[in-house]
Amino acid sequence: MANTMDSPRTAVSNPPVQPMETNLTQRDLIRRSATSELPPPERQLTPVAKLIDVSKCIGCKACQSACVEWNDTNPEVGENVGVYTNPHDLTADMFTLMRFSEWINPETDNLEWLIRKDGCMHCADPGCLKACPSPGAIVQYSNGIVDFIHDNCIGCGYCVKGCPFNIPRISKADHRAYKCTLCSDRVAVGQGPACAKACPTQAIVFGTKEDMKKHAEGRIADLKSRGYANAGLYDPPGVGGTHVMYVLHHNDKPHIYADLPDNPAISAVVQTWKGATKYAGLAVMGLAAAGTLLHGLFGRANRVSKHEEEEAKELVDESVEHVEKREEDA
Amino acid sequence: MSTPASTKHTKLGSEDSIRRGPPVEVVRYGPGKRINHWVTAISLILLLLSGLAMFHPSLFFLTELFGGGQMTRWIHPWIGVVLFISFFILFAQLWKLNIPNRDDVKWASQISDVIGGNEENLPELGKYNAGQKFIFWGMASLIIVLIVTGIMAWEQYFGQLTSIPTQRIALLVHSLAAVAIILIFMLHVYAAIWTRGTIRAMTRGTVTGGWAWRHHRKWLKDMAGRGRIDPTK
Ligand code: SF4
Ligand code: SF4
Ligand code: SF4
């Protein structure tokens, strides 16, 4: 089984009991931050995805607990400010967060309690990776997982600016970036993500991206049959699709789910900074350096002549005489 | 016996005074400004190296000079603070002399004579020429842009100060301003080397009388006219 199956197909089954080699290796990288000549991967792993069905979520936060448990993080004990969202934001110790929104549907005048599990979307075109200046601090595997390699992270926070979903957080303790790993360390050995495994309602499911899309279709048909005409799959094309997808009952307005971006894409400012500026800037500086060097070596220097030194001496002598004469007169 | 007129005005070796020699020398910068200049210069070079390391992956190896990526990320903004302070002490001392005037317009309009080294065709100049003034104001304004955008991008302390879209703009502007200041820096260093006899103004503090006569005659004549001449050396 283990050798025929490159990626786990589900989070539900129990883990394989036989020891397994990790199957997410350097050979499986399709992108590596600040690395231009990455050798192409030797094989293509089956793309995986996590599907979060917002309509099935009961807000129990079992996923949040499972994530803390599996990743062995220690989120600070927070303060209750009257909402269920807890902690108040993603942190370097909390890779996923249930965000609760109260929304009044203008068509029905019903209060809808929207609960969205926030966290890294594992973009096919990841802005975090594009912005990262440190070679190998962010990698993307051929199965779609975008992972932070903390040993290579310098803590600059560029990934925070690059991400269209406001996901990465820099730890104040070790100054490295943290976010959901899509449980790459579990997936690498044939297990589904901890959050998906813990979810009691199967609102979070995991498998190949194809299977997840198919599964979503069924869910969307069901929602539509129950009056949610705009139900749909959130797999935003602006970032090339994502490996964490949502089933939304109101897919026409993702922003009602705690500001989920309607059309996420890597910001044009980031594209300019990491595109034209980076290359043109280096070229201009290189040319200027070469130009001054050449002119310095072969050009004619601007030298002071003997004659000019004499002129200066004359001027000074004259002034001294002048001063002395004035003093005698006085 | 020294002449009272010159000793009264001229402290030994004070800035903007002539040493009669021979040979004639002119004190262009006192020790305070020179120290300040070199603190600024060294900071700028360190900022350039650490900044370039984070600017383009092909230069990431420069982080080794600072003890790795984490150290580079940590130290870059602090060097920026040092540079900001030391430059603006210098700025306070020099800005008045760097206000552009009519001669600068003429000088700049005859830039081909400048590059050709035909200074006899150019107007007589005070302590600074238009090129030096351009470098001065260029550096001053870019340093302000760089410190402001740099603080916005300083994740460790100011990550929450501005919104992420603002920080994106700050980083773009920061890198553009950095490229611009590196070009100005190269111009500054190049001009100082090309115009022979300039660098000693910032090392020993003095230039030769001929240098002052050739490049800044008005400045020289002004000192001579005011009797700022130290006859003892
Ligand atoms: S903080 Fe983010 S952008 Fe900076 S090195 Fe770490 S992963 Fe890369
Ligand atoms: S959601 Fe943000 S952190 Fe996650 S892969 Fe996309 S850009 Fe990177
Ligand atoms: S996939 Fe893993 S790391 Fe990501 S939210 Fe779920 S449990 Fe946390």
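For segment A:275-329, what Kirkwood radius comes out of the mean inverse Cα-Cα distance, in Å?
It is 15.7 Å.
Sort largest first and round to whole Å: the equivalent ellipsoid semi-axes of segment B:31-204, each the square root of five times a Cα gyration tensor eigenvalue.
33, 17, 16
Using a Gaussian network model of chain B whose springs link C-alpha atoms within less than 10 Å, name the residue from B:ASN98, B:ASN36, B:ASN118 with the highest mean-square fluctuation.
In this elastic network of chain B, the residue with the biggest mean-square fluctuation among B:ASN98, B:ASN36, B:ASN118 is B:ASN118.
For chain A, modelled as a GNM with alpha-carbon contacts under 10 angstrom, which of A:ASN80, A:ASN263, A:ASN302 fluctuates the most?
It is A:ASN302.
Using a 1.4 angstrom probe on the protein heavy atoms only, line up A:ASP147, B:ASP222, A:ASP329 by accessible area, largest first.
Sorted descending by solvent-accessible area, the residues read A:ASP329, B:ASP222, A:ASP147.
Taking 8 Å as the Cα distance limit and 6 or more residues as the minimum spacing, I'd like the relative contact order of chain B as a percentage.
Taking the mean separation of contacting Cα pairs over the length of chain B, I get 35 percent.
If you build the Cα gyration tensor of segment A:1-117 and take the root of 5 times each eigenvalue, what three semi-axes come out, in whole angstrom, biggest first?
36, 19, 18
Describe numerically, in nm with one decimal, the distance between label points set 7 Å from Cα along Cα→Cβ at A:HIS255 and at B:ILE99.
The modelled label-to-label distance comes out at 5.1 nm.
How much length is gained on full extension from A:HIS88 to A:ASP72, taking 0.36 nm per residue of separation minus their Cα-Cα distance?
Result for the pair: 3.8 nm of gain on full extension.
Which of B:GLY131, B:GLN110, B:ALA178 sits farthest toward the positive end of the charge dipole of segment B:82-210, with +1 on the Cβ of Lys and Arg and -1 on the Cβ of Asp and Glu?
B:ALA178
How would A:LYS253, A:LYS197, B:LYS127, A:LYS172 rank on accessible area, largest to smallest, probe 1.4 Å?
Largest accessible area first, the residues go A:LYS172, A:LYS197, A:LYS253, B:LYS127.
Each residue of segment A:301-317 in order: what ³J(HN,Hα) in whole Hz does its phi give by Karplus 6.51 cos²θ - 1.76 cosθ + 1.60, θ = phi - 60°, with x for Gly and Pro?
So the Karplus estimates, Gly and Pro as x, are 6, 8, 10, 8, 8, 4, 4, 5, 5, 5, 4, 4, 4, 4, 4, 5, 4 Hz.
Past 26 Å, Cα to Cα: identify those pairs from A:LYS213/A:LYS274; B:LYS33/B:LYS218; A:LYS56/A:LYS224; A:LYS325/B:LYS133; A:LYS161/A:LYS278, in the order given.
Violating the 26 Å limit, Cα to Cα: A:LYS213/A:LYS274; A:LYS325/B:LYS133.
Looking only at other chains, what is the average number of their beta-carbon atoms within 10 angstrom of each beta-carbon in A:156-163?
Mean shielding count: 6.
Counting only the heavy atoms of the protein chains, how much of A:GLU42 is accessible to a 1.4 Å probe, in Å² to the nearest 10?
Roughly 140 Å² of A:GLU42 is accessible to a 1.4 Å probe.
Pop out a list of residues from segment B:61-96 that are at least 10 Å² less accessible with all the protein chains around than in their chain alone; 1.4 Å probe, no ligands or nucleic acids counted.
Going by heavy-atom accessible area, the residues of segment B:61-96 that drop by at least 10 Å² are B:GLY69, B:GLN70, B:ARG73.
How many angstrom lie between the Cα centre of segment B:163-201 and the Cα centre of segment A:112-126?
41
Other chains near B:169-181: what is the mean number of their Cβ atoms within 10 Å of each residue's Cβ?
5
Expressed in whole Å with the largest first, what are the equivalent ellipsoid semi-axes of segment A:91-185 derived from the C-alpha gyration tensor as the square root of 5 times each eigenvalue?
Each semi-axis is √(5λ); the values are 30, 14, 12 Å.
May I ask you to work out the translational diffusion coefficient for segment A:181-317 at 4 °C, viscosity 1.567 mPa s, via Stokes-Einstein with Rh from the Kirkwood sum over Cα pairs, reported in whole µm²/s?
So the translational diffusion coefficient is about 61 µm²/s.
Report, please, the projected area of segment A:19-266 averaged over directions, based on the convex hull of its C-alpha atoms, in nm².
13.7
For A:HIS322, A:HIS150, A:HIS295, give me the order by solvent-accessible area with a 1.4 Å probe, most accessible first, ignoring ligands, DNA and RNA.
Result of the area sort, largest leading: A:HIS322, A:HIS295, A:HIS150.
For the protein assembly as shown, compute Rg over Rh where Rg is the Cα radius of gyration and Rh is the Kirkwood radius from the inverse mean 1/r over Cα pairs.
1.18
What is the mean number of Cβ atoms from other protein chains located within 10 Å of the Cβ atom of each residue in peptide A:129-136, rounded to a whole number?
Mean shielding count: 3.
With a 1.4 Å probe and every protein chain left in place, tell me how much accessible area A:MET20 has, in Å² to the nearest 10.
Its accessible surface works out to 60 Å², give or take rounding.
Once you've got the GNM for chain A with C-alpha springs shorter than 10 Å, pick whichever of A:GLN271, A:GLN202, A:GLN18 has the biggest mean-square fluctuation.
Residue with maximal mean-square fluctuation among A:GLN271, A:GLN202, A:GLN18: A:GLN18.
For the A and B pair, go ahead and give the buried accessible area with a 1.4 Å probe, both sides summed, in Å² to 100.
4900
The values are calculated or read from the model by the stated rules, or taken from the named source; none is laboratory data. All figures in this text were calculated on a predicted structure; none of them were measured in a lab. Cβ coordinates were reconstructed from backbone atoms using ideal geometry, including for glycine residues, and neighbour counts include every protein chain displayed. The area values use the complete protein model at the heavy-atom level, side chains included, leaving out ligands, DNA and RNA. Shrake-Rupley method; radii C 1.70, N 1.55, O 1.52, S 1.80 Å.
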